[in-house]
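Let me begin by presenting the structure, written as structure tokens, before commenting on it.
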Amino acid sequence: MTEPAWGNRAPDDALPSKSKIAVERACPVLSNTAVNSEYLHIVAAADPAVTAVQAGQFFQLLCPGSGPNAPFFRRPMSVYRADPDAGQVEFLY
């Protein structure tokens, strides 16, 4: 008998846990400064649900705009640093 593609796990084990469900938060930008001629560094205020990120996680950032120039898609950015004590999350882009 052939073993299922998921090995010894039940198919339900592949589903994300409730702790991994995406959430939407408004995080005010505290600073957006140039690191050099190519990169910028954003620091945003964030609540504990946001600062509990792990390496490799991405955020979908909504860039401001209005009218016909408003962006339709959000910008995916990986986390540069998160500081739960300061309540901040940082991005380097």
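The values are calculated or read from the model by the stated rules, or taken from the named source; none is laboratory data. Everything numeric here is computed off the predicted structure, so don't read it as measured data. Here the Cβ is made from the backbone with ideal geometry for all residues, glycine too, and neighbour counts use every protein chain on show. These area figures cover heavy atoms from the full protein model, side chains too; ligands, DNA and RNA do not enter into them. Shrake-Rupley method; radii C 1.70, N 1.55, O 1.52, S 1.80 Å.
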Total residues in region 31-52, condition aliphatic (A, V, I, L, M), surrounded by 10 or more Cβ atoms within 10 Å (Cβ to Cβ) and part of a strand (DSSP E or B): 5
Of all residues making up region 66-92, the number that are on the phi < 0 side of the Ramachandran plot and either without any contact (Cβ under 8 Å) to a residue 12 or more places away in the chain or part of a loop (DSSP other than H, G, I, E, B) (or both): 14
Candidate set from region 55-78 (those that are of a type in the set (G, A, S) and touching a strand residue (DSSP E or B) at 6+ places or on another chain (Cβ under 8 Å)); member that is farthest from V43 (Cα to Cα): G56
Which numbered condition R74 fails, given (1) loosely packed, with under 13 Cβ neighbours inside 10 Å; (2) modelled with pLDDT of 90 or more: (2)
Qualifying residue in region 2-12 (condition: modelled with pLDDT of 90 or more and either in contact with a strand residue (DSSP E or B) (Cβ under 7 Å, 6 or more places away or on another chain) or open to solvent by 100 Å² or more (accessible area, probe 1.4 Å) (or both)): no
Residue list for region 53-65, restricted to those being surrounded by 10 or more Cβ atoms within 10 Å (Cβ to Cβ) and closer than 17 Å to A26 by Cβ: V53, F59, Q60, L61, L62, G65
